[in-house]
Amino acid sequence: MSQPAWNSPVVKWIDERLPIFTLLHHSTSGYPTPKNLNYWWNFGSLAGFMLVVLIATGIVLAMQYQPNAALAFDSVERIMRDVNYGWLLRYLHMNGGSMFFLAVYIHIFRGLYYGSYKRPRELLWWLGVVILLLMMATAFMGYVLPWGQMSFWAATVITNLFSAFPGVGRFIVHWLWGGFAVDNATLNRFYALHYLLPFVILGVVVLHLWALHTTKSNNPLGIDAKGQQDTIPFHPYYTVKDNFGIGVFLIVYLGFVFFAPNFFGEPDNYIPANPLQTPPHIVPEWYFLPFYAILRSIPDKLTGVLATFLSILVLFVLPWLDFSRVRSATFRPLYKKAFWLLVVDVGVLGYVGANPPEGGFLVMGRIATAYYFLHWFILVPLIALFERPRPLPVSISQPVLGGGLAAAAANPMEKA
Amino acid sequence: MATSAETSAHGAAGVAVKRRDFLYLATGAMGAVGAALAVWPLIESMNPAADVLALSSSEVDLSPIQVGQRITVKWRSQPVFVARRTPEEIEEAQKVDVQELRDPQADSARVKKPEWLVMVGICTHLGCVPLGQMSGDPRGDWHGWFCPCHGSQYDTSGRIRQGPAPANLVIPQYAFLTDTSVRIG
């Protein structure tokens, strides 16, 4: 990585006192990126883009919203009807949440397929899981703010998860509520936290990028770049590719915003919150459905709650459960099958989570839940132990250019 | 001489280091305790406030309630079910073998007067309000209450009989002020 030389005396003057231009250079045109990244690598920047959109629309929505149980529902309706472009801002924010989760889930599955959680990227992976947990908390609290029936009962059911802990559960729940039921105090604090947490996420994203730029990007082959012949500068090559990805993603996102803005929502949330009546079917947002299915599949309340937490926390120990040294599933025939089965399993869990826990759905949910944990705790370590990976290519360039770079491969540390 | 001087110098240094370590740890511990104490008001401020606690009792007039009728009243912003049970419902609640229940409790331990059942109308699973208060509502196989969220079923004494809920519907503190009025809380 070359040290940049600045021509402009102003830039030079600033950079000597605060090396902000050097920092920018190192994270863009000075950042060597594997040259074989495919389109699955677009979803990190897409997630970052969605975070910016959500923060921008969220700040202006906060200028119109009233965080008070008596006013909240009407203030959201006022945003929809009277505020200039209020409908657009709210629909961008509402669907933006779904798109953020969509991008992040694809980003996570990308990491699972190509082994991006493995040494030396364990901390990078951990920071990503922390972002996911913060996102879930933020999304949940944001969903409560419109103070419709689904808002209220989602808040009730999810906070009640903590009542499962023996002894202290009740006190934790009353503390979370600031009362004896979800009420104005709860709405106020959720609003405060919903405004705060996105900036915490932003901070962790900076750490995530810092860790990324330290260990450098993984790539579809899962082998390390052996020198300059294997990399290209992030800018302009991947900035252009990421921008193209954002264009495609925007078509999907704005398609929902303009043509099906309530596709992901529940009609019951346009009924004002009523603490005395539970709607007949409580369904969380789609991005929580697999976890909701796990919660409901286990007949014991405490075990169900613990299993739900564990279903996400298992990601923290994944780098050690999968101790195979080959990263990319391209070279791991058994792991590749297990990966796709996991994708199907999570899909089944989501489908079960959207349906009432009766009859066939209950059985399906239990099987899918059992398989989910079987995958992480049994299959992944066993595959790591017994699988015979296919031979890895010598370098990132070699599969494309054949023997042409044999010299470079023979002397991998040579800087071209 | 040189050796002994060295030893004593080392000894002195050793003592000094230990003393320093102790002061360092003691200061750190004091700092941690102080920080925890300073955080406590922030945490405690999130607990129910005095005005919320002040609303902790509700009085209910029982005289308009007919036999077999169930009404919902609000207590601490929670729904409370007040049911005037029919003789059949009372009999059904009393004849149950208590040992067979998930949360064993005799009907007599759940009521002050067999005719009146007073309980918090919140499912002990995840806090939904069970159905069964209106005459047209589903009441489950035990003719009590049915929670629509995850299918828990309660009997005519509000005891859990089937579904994921771990415990019976909670009986709040209440007292009969007269024959026809009750104070909850």
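Per-structure values
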quantity	calculated
Qualifying positions in segment B:85-108 - assigned to a loop (DSSP other than H, G, I, E, B) and in contact (Cβ under 8 Å) with a residue 60 or more places away in the chain	B:Arg85, B:Val96, B:Leu101, B:Arg102, B:Asp103, B:Gln105
Failed item in (1) in contact (Cβ under 8 Å) with a residue 24 or more places away in the chain; (2) surrounded by 18 or more Cβ atoms within 10 Å (Cβ to Cβ); (3) away from chain A (no Cβ under 14 Å), with B:Gly121 passing the rest	(3)
Any hit, segment A:257-280, residues being among the hydroxyl-bearing types (Ser, Thr, Tyr), within 22 Å of A:Ile131 (Cβ to Cβ) and in contact (Cβ under 8 Å) with a residue 40 or more places away in the chain	no
Filtered residues of segment A:342-387 (kept if touching a helix residue (DSSP H, G or I) at 6+ places or on another chain (Cβ under 8 Å) and outside any helix (DSSP H, G or I))	A:Ala354, A:Asn355, A:Pro357, A:Glu387
Test for B:Asp155: is it among the acidic types (Asp, Glu) and buried (at least 21 other Cβ atoms within 10 Å of the Cβ)	yes
Members of segment B:158-173 found to be within 13 Å of chain A (Cβ to nearest Cβ), more than 19 Å from the chain's Cα centre (by Cα) and open to solvent by 50 Å² or more (accessible area, probe 1.4 Å), listed by number	B:Gln162
Looking only at segment A:347-361, and only at residues there that are crowded, with 18+ Cβ neighbours inside 10 Å and in contact (Cβ under 8 Å) with a residue 12 or more places away in the chain, the one that is farthest from the other protein chains (Cβ to nearest Cβ)	A:Val348
A:Pro290 vs. criteria away from chain B (no Cβ under 14 Å) and modelled with pLDDT under 95	no
Helices (runs of 4 or more DSSP H) wholly inside segment A:1-71 containing at least 2 residues that are assigned by TED's automatic domain parsing to the domain that holds A:Tyr237 and modelled with pLDDT of 95 or more	A:43-62
Segment B:46-64, residues that are more than 20 Å from B:Val120 (Cα to Cα) and facing chain A (nearest Cβ under 8 Å)	B:Met46, B:Asn47, B:Ala49
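Results for (1) in contact with a Cys (Cβ under 9 Å, 6 or more places away or on another chain); (2) of a type outside the set (Phe, Trp, Tyr); (3) closer than 30 Å to B:Asp103 by Cα; (4) in the same structural domain as A:Asn38 (by TED's automatic domain parsing), shown as yes or no for each residue.
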| position | (1), (2), (3), (4) |
| --- | --- |
| A:Gly304 | no, yes, yes, no |
| A:Phe323 | no, no, no, no |
| A:Ser328 | no, yes, no, no |
| A:Phe331 | no, no, no, no |
| A:Ala370 | no, yes, yes, no |
| A:Pro381 | no, yes, no, no |
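The values are calculated or read from the model by the stated rules, or taken from the named source; none is laboratory data. Keep in mind that what you see is a predicted model, and the values were worked out from it rather than measured. When we count neighbours, we look across all protein chains shown, and the Cβ atoms used for this are built from the backbone with ideal geometry, even at glycine. With ligands, DNA and RNA removed, areas are computed over all heavy atoms of the protein, side chains included. Shrake-Rupley method; radii C 1.70, N 1.55, O 1.52, S 1.80 Å.
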